[in-house]
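Chemist: There's a structure below that I have some questions on.
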Amino acid sequence: MSRCLQRKMPSLGFLLGAIAVAAIPAGASQPVINEWCPVMTEEKADPGITTEYKGKTIAFCCDRCLAKFQVDPEKYVGRLPQFADSQPEEVSGAHEHSSSEEHAHDSSGEDAGTEASTGPRQHAHEREPWLGRLHPVIVHFPLAGIPLAFLGFLAWVVTGREAFAKADVLPLVVASLAAIAAVITGNIAHDALLFSDELHRIVEQHQFVATSVMVLAVGLSVIRLWRWNRLVGPWRWVYGVGLLVGCVLLSITGFLGGSLVFGPDHLRF
């Protein structure tokens, strides 16, 4: 009798295991993860950027949205499928209505009803003050002006032609004025936005390097205008090296700015 039971035990174990697996709900093995970012709902969520809230995993499109969520989670939970079962129907409807109104306010007069029909694109993210939104436009002037001034200076030094003697002046002066405006608008934009701890460190580095570019550009402009017809000897080398350093600092500033927009690893292959 005991041998018979021993032979039947493996079969009985398989049977009990099959029953246990069948009893587990189909969705329990794979938790619900949101496909769209709850902050910028027009962007796909990145499974590598997540946080835990009320025992549920929430994904975001970037670290900036993660930081915004952590400041006021309840503002965004109504947009998450993870919390769909816990949201009363009337509350959910009210949230969608308020979100549509928020989008209508942020979309510069566009029809909110039309946008609401596009699914996940119906919500708009918070925007910085309008002066801060000018920063991406203004910043291109020093990015172009300082390298142009350096190329004009090189053309003058290498060829010795009088036609290139003042080719660097106008690009440098414009770049200096634009650098001042870029630092001001950039600080406004940075102060109005929320960043994770990692991105906040990049913001501080970006502000420091950009301010250094501004100070250097203004100083070089003063030297160039002061030594208008007498940029010779040591002054010529100081001016040329300063332009070269400005180009290097601009490259660093551009890299840090790209890290804020596309993430710290945006140049990693």
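The values are calculated or read from the model by the stated rules, or taken from the named source; none is laboratory data. Bear in mind that the values here come from a model prediction, so they are computed numbers and not experimental data. A quick note on method: Cβ atoms are made from the backbone with ideal geometry, for glycine too, and the neighbour counts reach across all protein chains shown.
Chemist: Where the second residue is among the acidic types (Asp, Glu) and the first is assigned to a helix (DSSP H, G or I) and lies in the stretch 199-223, which pairs have Cβ atoms under 9 Å and are six or more apart or on separate chains?
Modeler: What qualifies is LEU199/ASP63.
Chemist: List every residue pair whose Cβ atoms lie under 8 Å apart, where the two residues are 6 or more positions apart in sequence or sit on different chains, the first residue falls within the stretch 236-261 and is modelled with pLDDT of 95 or more, and the second residue, located anywhere, is assigned to a helix (DSSP H, G or I) and of a type in the set (S, T, N, Q).
Modeler: LEU249/SER212
Chemist: Now a separate question. Consider only pairs whose beta carbons are under 8 Å apart and that are at least six residues apart or on different chains; among these, list those whose first residue lies in the stretch 33-48 and is in the same structural domain as PRO73 (by TED's automatic domain parsing) and whose second residue is assigned to a loop (DSSP other than H, G, I, E, B) and of a type in the set (Asp, Glu).
Modeler: TRP36/GLU42; TRP36/GLU43; CYS37/GLU43; LYS44/GLU35; ALA45/GLU35
Chemist: Among the residues that make up the stretch 143-162, is at least one of them in a helix (DSSP H, G or I), surrounded by 16 or more Cβ atoms within 10 Å (Cβ to Cβ) and within 22 Å of the chain's Cα centre (by Cα)?
Modeler: Within the stretch 143-162, one or more residues are in a helix (DSSP H, G or I), surrounded by 16 or more Cβ atoms within 10 Å (Cβ to Cβ) and within 22 Å of the chain's Cα centre (by Cα).
Chemist: Follow-up. Mind listing whichever residues of the stretch 224-256 are surrounded by fewer than 18 Cβ atoms within 10 Å (Cβ to Cβ) and part of a loop (DSSP other than H, G, I, E, B)?
Modeler: Once the filter is applied, which keeps residues that are surrounded by fewer than 18 Cβ atoms within 10 Å (Cβ to Cβ) and part of a loop (DSSP other than H, G, I, E, B), the stretch 224-256 yields ARG227, TRP228, ASN229, ARG230, VAL232, GLY233.
Chemist: Quick one: is THR118 of a type in the set (Val, Ile, Thr) and at pLDDT 85 or above? Show your work before the answer.
Modeler: Working: of a type in the set (Val, Ile, Thr): yes; at pLDDT 85 or above: no.
In short, no.
Chemist: Kindly provide the set of residues from the stretch 257-269 that are exposed (fewer than 13 other Cβ atoms within 10 Å of the Cβ), of a type outside the set (D, E, K, R) and not in a helix (DSSP H, G or I), ordered by number. Explain how you work it out, then say what you get.
Modeler: Looking only at the stretch 257-269, we keep the residues that are exposed (fewer than 13 other Cβ atoms within 10 Å of the Cβ), and these are 261-262, 265-269.
Within this subset, residues satisfying the condition of being of a type outside the set (D, E, K, R) are 261-262, 266-267, 269.
Once the filter is applied, which keeps residues that are exposed (fewer than 13 other Cβ atoms within 10 Å of the Cβ), of a type outside the set (D, E, K, R) and not in a helix (DSSP H, G or I), the stretch 257-269 yields HIS266, LEU267, PHE269.
Chemist: Suppose we keep only residues that are assigned to a helix (DSSP H, G or I) and of a type outside the set (A, V, I, L, M, F, W, C) within the stretch 163-182. Which one would you say is surrounded by the most Cβ atoms within 10 Å (Cβ to Cβ)?
Modeler: Restricting attention to the stretch 163-182, the residues satisfying the condition of being assigned to a helix (DSSP H, G or I) are 163-164, 169-182.
Next, from what is left, pick out any that are of a type outside the set (A, V, I, L, M, F, W, C): 171, 176.
Values: PRO171: 21, SER176: 25.
For the stretch 163-182, the residue satisfying everything is SER176.
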